[in-house]
Amino acid sequence: MRVFDIPAGDTGYALVLHGGAGGRVKEFTAEEQQAYSVGLSAAFNVGQRVLEAGGTALDAVCLTVEQLENNPVFNAGCGAALTAKGEAELDAAVMTGNGSAGAVAVSRHAKNPIFLARKVLEESEHVLLVSPSEALVSSWGLEVVEPSYFVTDSRQRQLEAVQSKQLAGSRHGTVGAVALDKQGNLAAATSTGGMVNQHEGRVGDTPIIGAGTYARDGVVAVSCTGTGEAFLEGAVAHEIYARMRYAGTTLPEAVSATITAELDTRDADGGIIAVGADGRIVVAHNSQDMFAAYCDAGNLVILT
Ligand code: ASP
């Protein structure tokens with residue numbers, strides 16, 4: 001397990017984002033690795049501008065994730081991992097530290113599933129909608145796209161390689177962001193196409209509040225990536241919150257103890273980003289690699 005523990009800076013806000021933990025960087029070409037770095041850094045800049053200007057953590061995480069969804073190298077929005085039938089079924093969730101959440105599973109029509117999740121939070125009485133209709137997406141004023149918009153050649157090749165057993169159940173590039181704004185509010189957002197070759201209708205941890213995504217003001221905001229089933233069974237994001245809230249555990253200890261207890265024991269791998277109420281940041285993973293971006297003492301750090 002690798003744990004990066006970054007002390008709070010003096011800006012009054014904090015932002016960390018991830019681009020998945022399933023990638024095997026050694027299998028990437030230099031260009032692919034560069035594309036991940038450039039994408040992470042561009043998305044980080046968008047979120048940072050929001051927070052620097054005094055904007056909300058909710059805006060920062062949603063706009064950061066939008067950038068990553070629009071970038072075909074990541075497993076979210078355009079370029080998402082495909083189901084066994086070769087289709088994109090997208091999951092996304094957002095939660096604010098005041099306890100409000102919105103999420104979508106098996107989303108097919110909204111260009112940006114994270115904005116759809118935000119609409120569920122802001123415009124509906126519900127927390128999770130499954131397979132929201134095209135009519136609902138457009139009635140909320142969101143951009144609608146054809147299902148083919150999400151499907152890239154490279155994901156089709158990846159699916160073929162997994163189905164013909166040339167590639168082990170590979171996946172990488174789920175995205176997420178957590179932030180603390182200058183007003184002290186926390187927020188978390190996560191978006192994914194799920195696992196390559198997953199059964200149609202399979203829903204992972206990403207849109208399940210408390211599994212892949214969780215935030216609570218005064219404590220922590222968490223976004224996860226990895227083998228979704230283990231994060232679901234371990235209620236991983238909430239487990240980190242609970243260790244901090246009820247056992248007084250520090251952020252890095254809560255994250256690493258949760259990885260040990262809930263992922264290692266299930267032989268599952270993945271990664272976690274988290275920000276505490278004081279702006280302390282943790283990036284941790286028991287997977288081989290993890291993509292993430294954050295600021296340490298004023299310098300942008302990109303993990304690939
Ligand atoms: N956690 C996601 C899922 O299971 C996949 C990932 O993060 O790579 O759907």
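The values are calculated or read from the model by the stated rules, or taken from the named source; none is laboratory data. Every value quoted in this text rests on a predicted model; they were computed, and no experiment measured them. Cβ placement follows ideal geometry from the backbone for every residue including glycine, while neighbour counts extend to all protein chains displayed. Surface areas here come from the heavy atoms of the whole protein model, side chains and all, with no ligands, DNA or RNA. Shrake-Rupley method; radii C 1.70, N 1.55, O 1.52, S 1.80 Å.
Of all residues in the stretch 137-152 being part of a helix (DSSP H, G or I) and open to solvent by less than 50 Å² (accessible area, probe 1.4 Å), which is nearest to G79 (Cα to Cα)?
F150
Does S223 satisfy the criteria of being within 19 Å of the chain's Cα centre (by Cα), within 16 Å of R280 (Cβ to Cβ), surrounded by 20 or more Cβ atoms within 10 Å (Cβ to Cβ) and within 10 Å of the ligand (Cβ to nearest atom)?
It is true that S223 is within 19 Å of the chain's Cα centre (by Cα), within 16 Å of R280 (Cβ to Cβ), surrounded by 20 or more Cβ atoms within 10 Å (Cβ to Cβ) and within 10 Å of the ligand (Cβ to nearest atom).
If I ask for residues that are more than 12 Å from the ligand (Cβ to nearest atom) and either open to solvent by less than 10 Å² (accessible area, probe 1.4 Å) or among the aliphatic types (A, V, I, L, M) (or both), which ones from the stretch 205-220 would you list?
Listed by number, the residues that qualify are I209, G210, A215, V219, V220.
Can you name the residue in the stretch 3-54 that is of a type in the set (D, E, K, R) and within 14 Å of M290 (Cα to Cα) and, of all such residues, is most open to solvent (accessible area, probe 1.4 Å)?
Restricting to residues being of a type in the set (D, E, K, R) and within 14 Å of M290 (Cα to Cα), the top hit is K26.
When only residues in the stretch 226-240 that are more than 12 Å from the chain's Cα centre (by Cα) and either open to solvent by less than 10 Å² (accessible area, probe 1.4 Å) or within 10 Å of the ligand (Cβ to nearest atom) (or both) count, which is nearest to D278 (Cα to Cα)?
This residue is I240.
Which of the residues spanning the stretch 161-196 are open to solvent by 20 Å² or more (accessible area, probe 1.4 Å) and either within 12 Å of the ligand (Cβ to nearest atom) or under 19 Å from L128 (Cα atoms) (or both)?
Listed by number, the residues that qualify are G169, R171, H172, M195.
Taking T304 and the conditions (1) surrounded by fewer than 24 Cβ atoms within 10 Å (Cβ to Cβ); (2) among the hydroxyl-bearing types (S, T, Y); (3) closer than 15 Å to V178 by Cβ, which numbered condition does it fall short on, given that it satisfies the others?
That leaves (3) as the condition not met.
Any idea which of (1) closer than 27 Å to D181 by Cβ; (2) outside any loop (DSSP other than H, G, I, E, B); (3) touching a residue at least 40 places away in the same chain (Cβ under 8 Å) is the one V106 doesn't satisfy?
Of the numbered conditions (1) closer than 27 Å to D181 by Cβ; (2) outside any loop (DSSP other than H, G, I, E, B); (3) touching a residue at least 40 places away in the same chain (Cβ under 8 Å), the odd one out for V106 is (1).
Would you mind finding the one in L82, L68, L116 that is farther than 16 Å from V16 by Cβ, open to solvent by less than 50 Å² (accessible area, probe 1.4 Å) and touching a residue at least 40 places away in the same chain (Cβ under 8 Å)?
L82
Output the residues belonging to the stretch 278-293 that are open to solvent by 10 Å² or more (accessible area, probe 1.4 Å) and within 26 Å of R245 (Cα to Cα).
D278, R280, N286, listed by residue number.
Quickly run through the stretch 252-277 and pick out the residues that are farther than 17 Å from E229 by Cα, crowded, with 24+ Cβ neighbours inside 10 Å and either more than 18 Å from the chain's Cα centre (by Cα) or among the β-branched types (V, I, T) (or both).
Within the stretch 252-277, A254, V255, I273, V275 meet the criteria.
Identify the residue in the stretch 171-191 that is under 14 Å from V73 (Cβ atoms) and assigned to a loop (DSSP other than H, G, I, E, B) and, among all such residues, is modelled with the highest pLDDT.
Taking the candidates together, the pick is T174.
Yes or no: the stretch 243-253 includes at least one residue that is closer than 17 Å to V3 by Cα and touching a residue at least 60 places away in the same chain (Cβ under 8 Å).
Yes; the residues of the stretch 243-253 include at least one that is closer than 17 Å to V3 by Cα and touching a residue at least 60 places away in the same chain (Cβ under 8 Å).
With R202, R155 as the choices, which residue is among the basic types (K, R) and either open to solvent by less than 20 Å² (accessible area, probe 1.4 Å) or outside any loop (DSSP other than H, G, I, E, B) (or both)?
R155
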